[in-house]
Each structure stands twice: as C-alpha cells, then as structure tokens.
Amino acid sequence: MGDYLADSESEIRDLIIDIGKRLWERGYIVAKEGNISMRIDDGEILITPMGVSKGFMSRDMIIKINMDGEVTSPNKDYRPSSEVKMHLEVYKQRDDVNAVIHAHPPYSTSFAVAGVPIDTSVLPEAIMILGEVPVAPYGTPSTSEVPDSIIPFIRNTNAILLANHGALTAAIDLITAYHMMETLEHTARILCLATSLGNVNKIPEEQINKLMKIRCETGIPGEKDISSASAGPNRSSAARAKKIRSRKLLR
Ligand SMILES: [Zn+2]
C-alpha cells in the first residue's frame, strides 16, 4: 500500500476508470451521467466518453482530445463527453488545474436546485478543502452556456454548483478533485441535517482566519495560487502538478 507516480497514459486511464466507479458507487452519478477529465503532459486532455456509465468504463473508452476539443486518438465507437467545453474552459482559465470532475451528488445538487450556495463556514474541513462554493447560473447542458456560466467564478474557487444541474470540482490532480467532490457532498448533507434540527452555527471569523492561514501554509491550492495563475503560467504549481498529477489512488 502507498502512493506512487503513475505516469503512463494507460495508468492514467485506469485512474479515471477508478474514479468513475467511485462516483457511481457512491450515488454521485447515475445512469450515464457525469464526466471526468485530466490534463496530460503535452497539452492534451483525457476525458470520459458520452453515453456510457462511468461505473463501467474500460481503457479504450477514454478519449484523448487537444485544447481545441478535437479528438487526437480517434475511436469510432466513442465520442468525448457532451460537457467537453466546460472542462476545456476550466483548463484555459486555470494553469494550476490538471483534473476536473462533474457529477450530480444528491445533496449538493439539491443546493444547486434551490439556488443556495454551500456555506462552508460551518466545518473546518470544508473551509480548508473547498473554500467558497458559489452557484453558477443555469446553462443548457452540452452548450456553451455551461462554460460561459462558470467563467465569473472559476478563477476564484475550486468547487462550483451549477444551478438546476450539479457540481464541478477542479484540482491539481484527479484524486484531489475527487476528494473535493466527497467533501462537497458531505458538507451539503450535514448542512441539510443541521438545518432540519433548526439551528446552524457558523465558525467565528477569527477562527476561519486561522484555518485560512493553515490552508496557505500547507499549500492547499486556493486563492493565493489562483492570483498567480491568472497572471500567466504558474511554473512552480505546474511543476508540482506534473509530479503528482497521476498519483495512484490508495487502495
Ligand atoms: Zn451534468
């Protein structure tokens, strides 16, 4: 047991398959919903196919595309995710991001349907791992409306709710993006339960500031990194991303 670097493309495909299974098994996606992508070395992206359950994928189903969305490893049987434009928009906006997950976890999606941002100031882990979680306006799935809807938010946060649709997480590597989706859904569930008890206490502001300081010190990507990414390629975070990009999922 332990983590190790898994830099071959086939191992990265296996990691995407693992994450797809976990999203499906946890009920974060059903039927053929959701999509997962990862930026690989040469500016190309590996992305899940359209019309397939992400709980039952094989290596050959994962599609390789370039930053213009063109398929670079033609596969007659499968086409890239219908939300490919949303994934590409995240990579264009964020040099420090190498993995994007979109899913429909029930509690998080309930907040998205209600149009209520997830208030992470109620749990230390949510503050540290997620930061702010806004709701992007509704856009018709598979159209440019969805990437357009996230543009005002994606430079300032790593987790976004898509109104009347679902959730998006973006991170330096795929496992981090997956853990963020778990934390997002866990927080949304706890908020629903606490609300049903009739009272939701927030963590005091001075305590939140302490958590944010720890977040910066421990190097969790957040607002600090985002500001440098917006000014151009962030060499140190890109180098770090390359190193840990494809870390194998702990079993
Ligand atoms: Zn969706």
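Annotations
- With 20 Å as the limit on Cα-Cα distance, the pairs of K32/K92; K21/K85; K64/K85 that go past it are K32/K92; K21/K85.
- Farthest positive-ward along region 9-240 dipole, Cα basis, beta-carbon charges - from T140, I203, L168: I203
- More than 16 Å apart - percent of Cα-Cα pairs taken over region 35-80: 30
- Residue order for S81, S53, fewest other beta carbons within 10 angstrom first, comes to S53, S81.
- Using alpha carbons only: equivalent-ellipsoid semi-axes of region 9-240, gyration tensor based, whole Å: 28, 21, 15
- For region 1-155, the dipole from Cβ point charges (+1 on Lys and Arg, -1 on Asp and Glu) about the Cα centre works out to 480 debye, to the nearest 20.
- Taking Cβ atoms as reference points and 12 Å as the exclusive limit, the residues near A126 contribute a net charge of -2, counting Lys and Arg as +1 and Asp and Glu as -1.
- R79/L211 FRET efficiency (R0 35 Å; Cβ-Cβ; nearest 0.05): 0.25
- Other residues within the sphere of radius under 13 Å centred on the Cβ of G27, judged by their own Cβ, net out at +1 (K and R +1, D and E -1).
- S8/F56 FRET efficiency (R0 22 Å; Cβ-Cβ; nearest 0.05): 0.45
- Residue order, fewest to most beta carbons within 10 Å, for H186, H87, H179: H179, H186, H87
- D41 versus T218: modelled label distance in nm, points set 7 Å from Cα along the beta carbon direction: 3.2
- Pairwise FRET efficiency - N201 versus V113, Cβ, R0 = 22 Å, nearest 0.05: 0.30
- Options P124, T157, T109, ranked by Cα towards positive dipole end of region 99-217, top entry (Cβ charges): P124
Quick note: the coordinates plus some simple rules give every number you see, no bench work behind them. Only a predicted model underlies this, so the values are computations on that prediction, with no experimental measurement involved. Heads up, the Cβs are rebuilt from the backbone with ideal geometry, glycines too, and the neighbour counts pull from every protein chain shown.
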